[in-house]
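Scroll down for the structure; my scribbles are underneath it.
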Amino acid sequence: MKPVYMIAEAGVAHEGEPTSALSLLDAAVRAGADAFKIQYYCKGFDNGVRELPFLQEHVILRLKELCDINRIDFIVTPHDRWAIDFLEHHNLCETYKVGHGDWDLLPVLVETKKPLIISWVNGLITERLMRLCRQVDYKLLYCTDKYPTQLWEIDYNAIVGNSFDGFSDHTEGDIVSFMAVLGGADIIEKHICLEKNVEGRRDTTFAFLPDELKEFVESIRILQNVRTTIKI
C-alpha cells in the first residue's frame, strides 16, 4: 500500500514575503510532507474577501527549484488563466490542484493534460464538469467551503467511505484527518502557517505551525500502519 500522500498547503500564508515562502517550504520538507502547495494568480487578484498577496515570478521559480532539490512535489492551485499560462510556460507543475472555487478553470486545466487533484464541495459539481475531469487523471478530495469548518459540519460518511480519494482539512486540529485516514483516505491536505490566528486571515485559524505539521505527518504515518495491520 502506498503511503498517504501528504500535502502541506501554504496557500497565501507567505503574505507576499519571499523569505516566508521559503520558510513554509522548509517546514514542509522537515515535516516529511510529500508535496508543498501554494496558490497563485496575477498581481492584484481579489478573491472577494481581500486582494491576495503576490509573489514575484522569480520566487515561484526558486520554490520549484528547491522542491526538486529536496525531492518534494511542487503543486499549485492557479486562480486565473494568467497563472496557468505562467506555470505551463515554465513547466513548473506535474499536477495541478483545483480549489473548490476554481471549477471555472477546469476546461483550461484539462487542456494541459496534467493530473488534477480536485476539492469537491457538495452542490458545486455538475455532470458536465465531471465529464471534463474524466479526460485526465484526477483525484477527488472531500472539502468544505467554511474557514474554519466546525466538526459538526463534516459529512463523516463521505470521509470514511470510498466516494473520495482524500480529504482537504479545514477543521481545527487533526481528529478529522485521522478519521479520514483510518477510513481509507489516500490523500490529506492541511494548511500550514508561520503565525496562527491572524486577524483578517481566516486560514490561519486551522493551519498548523511547522512543529505541529511535523507531528501531524508522523501521526498520519503511524495511523496508516495501523490501518494496514487491521485491514480497515
Pairing a residue in region 212-225 that is in contact (Cβ under 8 Å) with a residue 24 or more places away in the chain with any residue that is small (Gly, Ala, Ser) and not in a helix (DSSP H, G or I), where Cβ atoms lie under 8 Å and the two sit 6 or more apart in sequence or on different chains, gives LEU213/ALA8; LEU213/ALA33; LYS214/GLY32; VAL217/GLY32; VAL217/ALA33; GLU218/GLY32; ARG221/GLY32
State whether the residues of region 120-135 include one that is aliphatic (A, V, I, L, M) and at pLDDT 90 or above. no
Residue by residue through region 1-15, note down the ones that are over 15 Å from ASP203 (Cβ atoms) and surrounded by 14 or more Cβ atoms within 10 Å (Cβ to Cβ). VAL4, TYR5, MET6
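Could you identify the single residue in VAL110, VAL29 that is under 24 Å from ASP186 (Cβ atoms), touching a Cys at 6+ places or on another chain (Cβ under 8 Å), assigned to a helix (DSSP H, G or I) and without any contact (Cβ under 8 Å) to a residue 60 or more places away in the chain?
On the way: VAL29 fails: touching a Cys at 6+ places or on another chain (Cβ under 8 Å).
When all the criteria are applied, what remains is VAL110.
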Please find, within region 156-191, the residue that is farthest from VAL110 (Cα to Cα) out of those that are open to solvent by less than 70 Å² (accessible area, probe 1.4 Å), charged (D, E, K, R) and in a loop (DSSP other than H, G, I, E, B). ASP174
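Rundown of residues vs (1) more than 21 Å from GLU212 (Cβ to Cβ); (2) without any contact (Cβ under 8 Å) to a residue 24 or more places away in the chain; (3) open to solvent by 70 Å² or more (accessible area, probe 1.4 Å), yes/no style:
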site	(1), (2), (3)
PRO18	yes, no, no
PHE36	no, no, no
ASN47	yes, no, yes
ASN70	no, no, yes
ASP102	yes, no, no
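Hey, does region 36-51 have a residue that's assigned to a helix (DSSP H, G or I) and of a type outside the set (A, V, I, L, M, F, W, C)? I'd like the intermediate steps shown before the answer.
Filtering region 36-51 for residues assigned to a helix (DSSP H, G or I) gives none.
Within region 36-51, none of the residues are assigned to a helix (DSSP H, G or I) and of a type outside the set (A, V, I, L, M, F, W, C).
The values are calculated or read from the model by the stated rules, or taken from the named source; none is laboratory data. The model shown is predicted, which means the values in this text are computed figures rather than measured ones. Quick reminder, even Gly has a Cβ in these numbers, built from the backbone with ideal geometry, and neighbours come from all protein chains shown. Heavy atoms of the whole protein, side chains included, go into the accessibility calculation; ligands, DNA and RNA do not. Shrake-Rupley method; radii C 1.70, N 1.55, O 1.52, S 1.80 Å.
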